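Here the structure is laid out as structure tokens; the discussion comes afterwards.
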Amino acid sequence: MSRLLITGGTGYIGSHSAVALSKTGHQVVLYDNLSNSNRTILQSLGLIVGHHMSFVEGDVRDTKLLISTLTSHNIDAVIHFAGLKAVGESVEKPVDYYANNVQGAISLLQAMQFAQVKTLVFSSSATVYGEPRYLPLNESHSTIATNPYGRSKLHVEEMLADIAASDADWRIACLRYFNPVGAHESGLIGENPSGIPNNLMPYLAQVATGQIPELSVFGDDYPTTDGTGVRDFIHVMDLAEGHILALTYLSRNTGWHAVNLGTGKGYSVLDMIQAFEKASGRQVPYKIAPRRAGDVAICYSDPKKASELLKWRAARTLDDMCASTWRFHQFRRLSVES
Ligand code: NAD
Ligand code: UDP
């Protein structure tokens, strides 16, 4: 059992990971500036885990607040989810992305160094591989960033490698997520982006509920089986469990480690539409639209390193991903109506 600080803890992946970590006996403190989440989630988290979760409202760039949180809660390790994550927005607002993601990480590292907390799990992304030169993508694939968001992730990964090289006490895992989707099985928490979603799964859900009339499928002329883009969609609870095993690994190993969290399987956009229709019992109207700038045709992981190092492997199916997303959206609709 450890005492964990979870930055970005009220966000999508942070909240699901907080549940998984809490259920396995870890004590968690959530830390978030609520720029892309909302404190009402604390109630849902309390219902799921059966007790109140500690929450500190704050920005990761507030080094003093981080130091006092780390010391007053006697934190053993940090999981760093906080940051901005929209690729398109990062091209328009690069300064915000570097400020939140890079400056935020520097502030966190300064606070951790001061408080002598030297175990960190960092939310990285498959975006650090850029355009795949081969598939499946393993951790030895070259890294290159093609937009400010990706560059911010890569900068932080590199900074973390430097820190681990400078001081042998650090224990750092950079988890490179593929495409996290789905929701906790209770349906009480899930992905709830504000405004029109950028990503496929929340968009699909909003078309199925009738909030948006139809889905645009970005391109049907890719060199894939059905011409639409292929991604490695991974259930957010599988991803959450990867963080538990990463912490176990770090409790036995020092140094810097980059590990993919993906299923190793790719599904196309049309596969996703079909699976979502099956899970929801609703039709998902769609039209074929031009390719979206910056999209790659196919991206999926080699999950071997996660299996060997962390003893982790994704267990949930595509149907689980769609069914849990649908359950979350139905619960949300009921709670909005009541
Ligand atoms: P999210 O936006 O739901 O959660 C991020 C949380 O961080 C939000 O609650 C937000 O309020 C908070 N936050 C942002 N800037 C902050 C700051 N400066 N100080 C304190 N809190 C701050 O996003 P998510 O999908 O849960 O992503 C979590 C992490 O995983 C991010 O670092 C993201 O880049 C990474 N990631 C996400 C995906 C994905 O598809 N969701 C894929 C790869 C990597
Ligand atoms: N996609 C789509 N319509 C949408 C959103 C996404 O066809 O409204 C496609 C997109 O082109 C890509 C796949 O779905 O092939 C996954 O996109 P997403 O934005 O979810 O993830 P990422 O691009 O980060 O892999």
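As a summary of the residue check, residue 1 satisfies the conditions (1) touching a Ser or Thr at 6+ places or on another chain (Cβ under 6 Å); (2) open to solvent by 20 Å² or more (accessible area, probe 1.4 Å); (3) part of a loop (DSSP other than H, G, I, E, B) except for the one numbered (1).
Could you please find all residues in the stretch 89-98 being in contact with a Leu (Cβ under 9 Å, 6 or more places away or on another chain), surrounded by fewer than 18 Cβ atoms within 10 Å (Cβ to Cβ) and either in a helix (DSSP H, G or I) or not charged (D, E, K, R) (or both)?
Hit for the stretch 89-98 is 96, nothing else.
Of the residues contained in the stretch 127-142, none is found to be open to solvent by less than 20 Å² (accessible area, probe 1.4 Å), under 29 Å from residue 321 (Cα atoms) and of a type in the set (S, T, N, Q). Could you tell me whether residue 108 is touching a strand residue (DSSP E or B) at 6+ places or on another chain (Cβ under 7 Å) and modelled with pLDDT of 95 or more? So residue 108 passes the test. The set of residues in the stretch 103-137 that are within 11 Å of ligand 1 (Cβ to nearest atom), over 24 Å from residue 72 (Cα atoms) and in contact with a His (Cβ under 7 Å, 6 or more places away or on another chain) contains only 123. In the condition set (1) farther than 29 Å from residue 44 by Cα; (2) in contact (Cβ under 8 Å) with a residue 60 or more places away in the chain, residue 178 is compliant with all but (1).
Restricting attention to the stretch 59-88, the residues being open to solvent by 70 Å² or more (accessible area, probe 1.4 Å) and free of Cβ contacts under 8 Å to residues at least 60 places away in the same chain number 4.
Please find, within the stretch 120-146, the residue that is nearest to ligand 2 (Cβ to nearest atom) out of those that are in contact with a Leu (Cβ under 8 Å, 6 or more places away or on another chain) and outside any loop (DSSP other than H, G, I, E, B). Looking at the filtered set, the residue picked out is 126. Annotation note: of 279, 208, 258, the sole residue that is of a type in the set (Gly, Ala, Ser) and crowded, with 22+ Cβ neighbours inside 10 Å is 208. For the stretch 185-197, the set of residues classified as among the aliphatic types (A, V, I, L, M) and touching a residue at least 60 places away in the same chain (Cβ under 8 Å) consists of 188, 189, listed by residue number.
Restricting 245, 215, 200 to those that are in contact (Cβ under 8 Å) with a residue 40 or more places away in the chain and within 11 Å of ligand 1 (Cβ to nearest atom) reduces the list to 200. Residues in the stretch 254-282 that are away from ligand 1 (no atom under 16 Å from the Cβ), farther than 10 Å from residue 217 by Cβ and in contact (Cβ under 8 Å) with a residue 12 or more places away in the chain: 14 in all.
Screening the candidates 28, 102 for the property of being open to solvent by 10 Å² or more (accessible area, probe 1.4 Å), closer than 19 Å to residue 160 by Cα and among the aliphatic types (A, V, I, L, M) yields one hit, 102.
Would you mind stating whether residue 332 is over 19 Å from the mean Cα position of the chain (by Cα) and modelled with pLDDT under 90? So residue 332 fits the description; yes.
The residues of the stretch 223-246 that are open to solvent by less than 20 Å² (accessible area, probe 1.4 Å) and either assigned to a loop (DSSP other than H, G, I, E, B) or on the phi > 0 side of the Ramachandran plot (or both), listed by number, are 227, 228, 229, 232.
The values are calculated or read from the model by the stated rules, or taken from the named source; none is laboratory data. All values derive from a computational prediction rather than experimental measurement. FYI the Cβ positions are ideal-geometry reconstructions off the backbone, even for glycines, and counts take in every protein chain you see. Just the protein is used for accessible areas: all its heavy atoms, side chains included, with ligands, DNA and RNA removed. Shrake-Rupley method; radii C 1.70, N 1.55, O 1.52, S 1.80 Å.
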